[in-house]
Structures are given as C-alpha cells and as structure tokens.
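Presented below is the structure to which this report refers.
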Amino acid sequence: MINKITTFGWVWAVCFLASWGLIALIKESDGWYLGLAAVGISLPVSVTITGILFIFRSSIAGTQYEKQLNEVKGLRIVTVSAIIAFFGGAEVGVFATGVGQIIVFLAIIGAVIGMTIHLFEMMEER
C-alpha cells in the first residue's frame, strides 16, 4: 500500500507542476486560482497515469524487465525532472510569470534527489 501511495504522490507532483506551468503559459499571470485549477486538472490525470503504471508493473512482475526497471530508479527521476525543468525554463523565457522559476527550482531538487538515488543504487550493487 505504501508503494502505491508513493507512486501516486510522485505522479501527482509531476502532473501538478506540469498543469500549473501550462495554465501559467495560457493565462500569463499567477495567483491562487491557478493553484486550484492545477489541482483540478492534475488529480484525475495523475489517478489515470497511476492506474496505467500499476497495470504495467503487474504485467512485468517477476520478470527480468522488473529487475532492470528497479535498477534505474534514479535515472527515471532525473529524466522526468529534466523534462519538467525544460518546460519550466520555457515558461520563464517566454512569459516570466514566476511560476516557471518555481517549477525549475523544484525540478532541480528532483534531479539532485534522482542523482543521489542513482549513485546509491550504483554503490549498493558493488
């Protein structure tokens, strides 16, 4: 159960940041209503993506693919963080509403966490 909640938390965080950035790009202003709209958009999307991830994970359970996927957790986090940082940076460059800076900052933190996890995974295998 903890694994499912953790996966949902990560997926929702990514969807929330992406939808908040998208709304800021469209609206070209920031405010509390953007946060509420981002929650309203990101929650059903993250539930759907989480469901798809659980179906995928259950289909590869016990196979070699599951082992390979678990070995690169850190790299997956870094990749998603880099994609989110790219969109946040684009928002900073185009509209500069301030939301993009928050997204880039959080994505950089995510990348650092991902790199730390990956280094830990590399050292753990030795």
**Message:** Go through the stretch 47-92 and report how many residues are touching a Gly at 6+ places or on another chain (Cβ under 9 Å) and under 16 Å from W20 (Cβ atoms).
**Reply:** 10
**Request:** For residues that are touching a residue at least 24 places away in the same chain (Cβ under 8 Å) and touching a Leu at 6+ places or on another chain (Cβ under 9 Å), scanning just the stretch 49-89, find the one that is nearest to F120 (Cα to Cα).
**Result:** G74
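Quick note: the coordinates plus some simple rules give every number you see, no bench work behind them. Keep in mind the model is a prediction, meaning the values are calculated, not measured. Glycine gets a Cβ as well: all are built from the backbone with ideal geometry, and neighbour counts include every protein chain shown.
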